[in-house]
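As structure tokens, the structure follows; a few thoughts come after it.
The values are calculated or read from the model by the stated rules, or taken from the named source; none is laboratory data. All of these numbers come straight from a predicted model, not from anything done at the bench. A quick note on method: Cβ atoms are made from the backbone with ideal geometry, for glycine too, and the neighbour counts reach across all protein chains shown.
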Amino acid sequence: MSEQPGTEPDDRPRDERPLTLLVCVGVAVLEAVAVAAYTIAILVSGLQNPGSIAAPWVEGVIYLLFVGGIALVARGLWQRRRWSRTPFITVQLFGLVVAYTLFSGEASAQVLGTVVGAVSLVGLLLAFVGPTAEALDR
């Protein structure tokens, strides 16, 4: 039985990404889109109510930098780069802090906090499971 190009001794193609890694990529993309949507909301609010936010454009630029960073991490995960795991874990920890802050607020914010916390917790746990670690160590 000859080995085909692109396969490893365990008969898995090198390009095959484990489901846990794909979910991590999905979590990162979802978070980038959510932060981008929040940035748009801040900018719109700043334009409609000029006194509501002190410097909406500065805040918008800062959040867009976060969006770019999270998107870069998602790309690194997709490309199975080892370096992408640490910033991904850091983003998930920030997500848990945001979730706690939201959960401490009003009832509507508590629902959002629960969702943010669940997504961050799933991403954090999946970053540490074996298939994800193996995929990023290649």
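See the values below:
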item	result
Any hit, segment 82-91, residues being more than 13 Å from Val25 (Cα to Cα), surrounded by 14 or more Cβ atoms within 10 Å (Cβ to Cβ) and of a type outside the set (Phe, Trp, Tyr)	no
Qualifying residue in segment 38-57 (condition: under 22 Å from the mean Cα position of the chain (by Cα) and in contact (Cβ under 8 Å) with a residue 24 or more places away in the chain)	yes
Residue list for segment 39-62, restricted to those being of a type in the set (S, T, N, Q) and modelled with pLDDT of 90 or more	Thr39
Conditions (1) of a type outside the set (Gly, Ala, Ser); (2) modelled with pLDDT of 95 or more; (3) in contact with a helix residue (DSSP H, G or I) (Cβ under 8 Å, 6 or more places away or on another chain); number of the one not met by Leu65	(3)
Gly60 vs. criteria surrounded by fewer than 17 Cβ atoms within 10 Å (Cβ to Cβ), part of a helix (DSSP H, G or I) and not basic (Lys, Arg)	no
Single residue of segment 37-55 satisfying the filter (closer than 30 Å to Ser84 by Cα and of a type outside the set (A, V, I, L, M)) that is surrounded by the most Cβ atoms within 10 Å (Cβ to Cβ)	Thr39
Scope segment 24-34; condition free of Cβ contacts under 8 Å to residues at least 60 places away in the same chain and buried (at least 19 other Cβ atoms within 10 Å of the Cβ); matching residues	Val25, Ala32
